[in-house]
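Trainee: Would you mind keeping the following structure in view while I ask a few things?
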Amino acid sequence: MSKQLVIIPTYNEKENIEAIIRKVLLLHRPFDILIVEDNSPDGTALIVKRLQQELGGRLAMLERKGKLGLGTAYIAGFRWGLEQGYDYICEMDADFSHNPDDLPRLLEACEQGADLAVGSRYVSGVNVVNWPMKRVLISYYGSAYVRKILNIRVRDMTAGFKCYRRKTLEAICFDNIKMKGYGFQIEMKYTAMKLGFHLVEVPIIFTDRKLGSTKMSGGIVREALLGILKLRFKNIAKTHSTQL
Ligand SMILES: Nc1nc2c(ncn2[C@@H]2O[C@H](COP(=O)(O)OP(=O)(O)O)[C@@H](O)[C@H]2O)c(=O)[nH]1
Ligand SMILES: [Mg+2]
């Protein structure tokens, strides 16, 4: 029997965290959960601790000292998941933008041969609900820009709803992943592809959060725009060969 984990990074998600944890634990495929919590001032960690008492071993939490960014939260989660021996490691936001019901489809894509399955908004048209038009445009044209610069076909390059096969993460040298926000998602996908892994896009519908607020900022968009240019000229095989 394979073991699968979903990593959920949180910063001020008290309105969403309990419902999303309960939803994941009810899926027909069993997923363990790792919350990577950055000392949210709203007390998200306290809610998780209460649920741990109630629900037991399938819910773990890594607590960090403060808001250190999404990229490093995921990397801390990946290291933990690999150490614990998980075969498949997923990423999902806490705010229900990613529908937990889609997790089994991402997992199945990996079971059927993908090394990295990406929940994609742009496989056909734009499957985004309730996002402000400005964000849809930044995301859609941002992905088009990235495709052009990096010369790749993946339609949703900034997607953060994914399932990695264990060996894909094992091959990536996390110390050499430089970007932290949307750029992190792009860098991970590009690195996996350059290392020869098979990426599959699984269509999903992305819905804007109903509760809580976004933590993304203009700085994160700038980081991605510049970071992509650097990635274009990076020798991926060389910088990520240490763990192979
Ligand atoms: N641990 C941690 N989680 C974060 C951080 N920034 C954002 N998140 C979480 O990452 C997910 C996506 O962030 P969100 O603000 O919804 O971004 P958006 O969907 O692009 O607007 C949510 O679960 C957030 O709580 C951070 O610095 N640290
Ligand atoms: Mg969100």
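The values are calculated or read from the model by the stated rules, or taken from the named source; none is laboratory data. Just so we're clear, the structure is a prediction, and the values are computed from it rather than from any experiment. Quick reminder, even Gly has a Cβ in these numbers, built from the backbone with ideal geometry, and neighbours come from all protein chains shown.
Trainee: Could you tell me which residue of the stretch 121-142 is farthest from ligand 2 (Cβ to nearest atom), considering only residues that are under 16 Å from G218 (Cα atoms) and touching a helix residue (DSSP H, G or I) at 6+ places or on another chain (Cβ under 9 Å)?
Mentor: G142
Trainee: Sort through D38, D95, D42 and tell me the only one that's within 16 Å of ligand 1 (Cβ to nearest atom), among the acidic types (D, E) and either in contact with an Asp or Glu (Cβ under 6 Å, 6 or more places away or on another chain) or under 13 Å from F161 (Cα atoms) (or both).
Mentor: D95
Trainee: Output the residues belonging to the stretch 45-78 that are in a helix (DSSP H, G or I) and under 14 Å from the mean Cα position of the chain (by Cα). Don't jump to the end; show me each part of the working.
Mentor: As a first pass, look at the stretch 45-78 and keep what is in a helix (DSSP H, G or I): 45-55, 70-78.
Across the stretch 45-78, the qualifying residues are L70, G71, T72, A73, Y74, I75, A76, G77, F78.
Trainee: Checking V48 against (1) within 16 Å of ligand 1 (Cβ to nearest atom); (2) surrounded by fewer than 19 Cβ atoms within 10 Å (Cβ to Cβ): exactly one of these is not met. Which one?
Mentor: (2)
Trainee: Of the residues that make up the stretch 199-219, is at least one in a helix (DSSP H, G or I), in contact (Cβ under 8 Å) with a residue 40 or more places away in the chain and within 11 Å of ligand 1 (Cβ to nearest atom)?
Mentor: no
Trainee: Let me ask another. Could you say whether any residue in the stretch 123-134 is surrounded by fewer than 14 Cβ atoms within 10 Å (Cβ to Cβ) and modelled with pLDDT of 95 or more?
Mentor: The answer is no, given that none of the residues of the stretch 123-134 is surrounded by fewer than 14 Cβ atoms within 10 Å (Cβ to Cβ) and modelled with pLDDT of 95 or more.
Trainee: Could you please find all residues in the stretch 61-77 being surrounded by 17 or more Cβ atoms within 10 Å (Cβ to Cβ), under 13 Å from I8 (Cβ atoms) and out of contact with any Pro (no Cβ under 8 Å at 6 or more places or on another chain)?
Mentor: M61, A76
Trainee: Starting from the stretch 58-69, keep only residues that are touching a residue at least 24 places away in the same chain (Cβ under 8 Å), then list their pairs with residues that are of a type in the set (S, T, Y) whose Cβ atoms are within a distance under 6 Å, requiring at least 6 positions of separation or different chains.
Mentor: Once the first residue is touching a residue at least 24 places away in the same chain (Cβ under 8 Å) and sits in the stretch 58-69, its partners that are of a type in the set (S, T, Y) give K67/Y11.
Trainee: In the set M157, M92, which member is surrounded by 23 or more Cβ atoms within 10 Å (Cβ to Cβ) and modelled with pLDDT of 95 or more? Spell out how you get there, then give the answer.
Mentor: Working: M157 fails: modelled with pLDDT of 95 or more.
One residue alone meets the criteria, M92.
Trainee: If I filter the stretch 183-195 for residues that are assigned to a helix (DSSP H, G or I), more than 18 Å from the chain's Cα centre (by Cα) and within 16 Å of ligand 1 (Cβ to nearest atom), do I get at least one hit?
Mentor: no
Trainee: In addition: Of the conditions (1) part of a helix (DSSP H, G or I); (2) touching a residue at least 40 places away in the same chain (Cβ under 8 Å), Y140 clears all except one; give me its number.
Mentor: (2)
Trainee: From the list K180, K167, K148, pick out the single residue that is in contact (Cβ under 8 Å) with a residue 40 or more places away in the chain, basic (K, R) and surrounded by fewer than 17 Cβ atoms within 10 Å (Cβ to Cβ).
Mentor: Every option except K167 fails the conditions.
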